[in-house]
Amino acid sequence: MRTDYCGALNASFIDQEVTLCGWVDRRRDHGGVIFLDLRDRDGIVQVVFDPDSTNFALADKVRSEYVLKVTGRVRARSEATVNPKMATGEVEVYGTGLEILNTAETPPFQLDSHVSVGEDVRLKYRYVDLRRTEMQHNLRFRSKVTTAIRNYLDLAGFLDIETPILTRATPEGARDYLVPSRTHDGKFFALPQSPQLFKQLLMVSGFDRYYQVAKCFRDEDLRADRQPEFTQIDIETSFMDEAGIMGIAEGMIKELFSTLMDVDLGDFPHMTWQEAMDRYGSDKPDLRIPLELVEIKDLLKDIEFKVFAGPANDPKCRVTALKVTGGAEISRKQIDDYTKFVGIYGAKGLAWIKVNEIEKGVEGLQSPIIKFLGDEVTLKVMERVGAQNGDIVFFGADTTKVVSEALGALRCKVGEDLNLYTCQWAPLWVVDFPMFEETDGGVAALHHPFTAPSCSPEDLVANPASALSRAYDMVLNGTELGGGSVRIHDQSMQQAVFKILGISAEEQREKFGFLLDALKYGAPPHGGLAFGLDRLIMLMTGSSSIRDVIAFPKTQSAACVMTDAPGAVDTKQLRELHIKLREKEKKDEAK
Ligand code: ASP
């Protein structure tokens, strides 16, 4: 139908006749001359119809988003009308042939005014929203990334193998999406939270290196960077330790950044989970920000002031200072806002000291808390954090969890507000995670229950709380890009972990019998990891929402406003699935 893409035209096409197909981005009538900006996947070019053209009358009828086929001659724009902002801005097409392939109603929003229309409208008319340059760019970039990943992994000997979508629950710490079975009365499939167990079984089968661009489903409360269905680059290998697996994964991410963005990420530093929590209050530290948490527990044990002395003497608590270089300029109003901000993480307040003239001792400091700390302790704290004139020091004293989360988040917020970033990209590996974390009712696996511990089964059973795992997370700019582990390949170790997690022998058999069996039939040592593709693309494209890198995402309430999913189903269908709705019962009774 066409000879070229609109966006491909440039000065080298001058005097050529081209046929283009696309949508009308804009139509302008300038004193009897009609200008059409014609848009396709590759970009926009200006087409001109003057009154001498046979198709002038037809061009006059054209409106925004009409679909056209245009034939014309490419010509240079006059110097005054060259548009350096447009890739095709040196040329225009002098239109001769015109065919309206389809008309369009006035679109629900102007493509360039999407910001003011609200996301629900954009998502309802997603097929129109996706015509925007930014969305076109994001999805094209996404395609380039998956192609590059496939090439990299293919070259490294990985096989692309699909795993089932209708399956049993794989625990990754979220709620399952369930699918009722028609043929098995009262039974349900679960959509995979990840292909975890299948990829491990593929290792038992001897495939050695597996990958998949895999859809995963997790029914969780949604945050800005979460979607109920999302895509993972899922990887598993046999006979390889963590260094080997991390090497392949790091090589892949480095190659993506260098080939697609011309960015050299360098070698990724490794940091233990404990160090990350101590210094940054987070297991995914944003290392672009040079601020660090400093432990001051020992200095505050003997003071009268209970707010600090209490946590300082409690082994479950931490007392920490966060020095912000140049932060003395932060206003009282801003400090109040930060106090509210740390409140989200459970902090009951936010103590601070501004450093005006440190050479004057406490006289040179400004703070409501010095009188409670005492001069000597205050100065010791200032010395510990290396306070300089112009700094502000914030404090956190509470349970370890609250202090780490609150000051860890404050560190990132202040870093962003004061633009303290020291570099554009800061990748790292976080390693040596604890095996388990305490929950309200007991313990849970910090990663998933198939992660190998770095100790023997006996030590694990004796000291589960202090056991470390062979897990690793890749973090970029404070975002977890991916994570994985060396897995348990020994049946008795797997059973020991299940037992610590409070899964009875009966339940183990019922839920994971197939895995325990497979571990008996020659399971090789294996491990792997998975990357969140959507988050990776979001970071690489600099998008602010994960929904901007997914063609048809769900809303914050896990719905699709375009197709109206999830939707009601009729009673016959429900009956076939052996399902009776409780709401319906009530309504029927009311009749
Ligand atoms: N299945 C894990 C996840 O989805 C990744 C892995 O351990 O490979 O987070």
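The values are calculated or read from the model by the stated rules, or taken from the named source; none is laboratory data. In this text, all values refer to a predicted model and were calculated from it rather than measured experimentally. Here the Cβ positions follow ideal geometry from the backbone for every residue, glycine too, while neighbour counts run over all protein chains shown.
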Quick check on my filter: what residues within segment 200-229 are within 10 Å of the ligand (Cβ to nearest atom) and under 19 Å from L536 (Cβ atoms)? A214, C216, R218
Take the residues in segment 181-196 that are surrounded by fewer than 18 Cβ atoms within 10 Å (Cβ to Cβ) and touching a residue at least 24 places away in the same chain (Cβ under 8 Å); name whichever of them is nearest to the ligand (Cβ to nearest atom). S181
Residue list for segment 477-493, filter: more than 10 Å from the ligand (Cβ to nearest atom) and among the charged types (D, E, K, R): D490
Among what's in segment 230-251 and is touching a strand residue (DSSP E or B) at 6+ places or on another chain (Cβ under 8 Å) and more than 14 Å from the ligand (Cβ to nearest atom), pick the residue that is farthest from R535 (Cα to Cα). F239
Within segment 256-274, track down each residue that is more than 21 Å from Y421 (Cβ to Cβ), surrounded by fewer than 16 Cβ atoms within 10 Å (Cβ to Cβ), out of contact with any Lys or Arg (no Cβ under 7 Å at 6 or more places or on another chain) and not hydroxyl-bearing (S, T, Y). H270, Q274
Restrict the check to segment 300-314 and report whether at least one residue is in contact with a strand residue (DSSP E or B) (Cβ under 8 Å, 6 or more places away or on another chain), farther than 14 Å from V385 by Cβ and assigned to a strand (DSSP E or B). no
Out of the residues in segment 433-473 that are away from the ligand (no atom under 16 Å from the Cβ) and among the acidic types (D, E), state the one that is surrounded by the most Cβ atoms within 10 Å (Cβ to Cβ). D459
Only one of (1) surrounded by fewer than 18 Cβ atoms within 10 Å (Cβ to Cβ); (2) polar (S, T, N, Q); (3) closer than 18 Å to L476 by Cβ does not apply to N313, and that is (3)
Mind listing whichever residues of segment 390-429 are of a type in the set (F, W, Y) and more than 21 Å from M474 (Cα to Cα)? F394, F395
Within segment 278-299, the residues that are of a type in the set (D, E) and either surrounded by 19 or more Cβ atoms within 10 Å (Cβ to Cβ) or outside any loop (DSSP other than H, G, I, E, B) (or both) are D278, D283, D286, E295, D298
Can you name the residue in segment 158-172 that is part of a loop (DSSP other than H, G, I, E, B) and among the hydrophobic types (A, V, I, L, M, F, W, C) and is also farthest from the ligand (Cβ to nearest atom) among such residues? L166
Within segment 393-403, does at least one residue satisfy the condition of being in contact with a strand residue (DSSP E or B) (Cβ under 8 Å, 6 or more places away or on another chain), surrounded by fewer than 16 Cβ atoms within 10 Å (Cβ to Cβ) and of a type in the set (S, T, Y)? yes
I need the full set of residues from segment 334-355 which are surrounded by 14 or more Cβ atoms within 10 Å (Cβ to Cβ), touching a strand residue (DSSP E or B) at 6+ places or on another chain (Cβ under 8 Å) and either of a type in the set (K, R) or not in a helix (DSSP H, G or I) (or both), in order please. A347, L350, A351, W352, I353, K354, V355
Looking at (1) buried (at least 16 other Cβ atoms within 10 Å of the Cβ); (2) modelled with pLDDT of 95 or more; (3) among the charged types (D, E, K, R), which one does E105 not meet, given that it meets all the others? (1)
Any residue in segment 253-267 that is more than 16 Å from the ligand (Cβ to nearest atom), hydroxyl-bearing (S, T, Y) and either farther than 20 Å from L293 by Cβ or touching a helix residue (DSSP H, G or I) at 6+ places or on another chain (Cβ under 9 Å) (or both)? yes
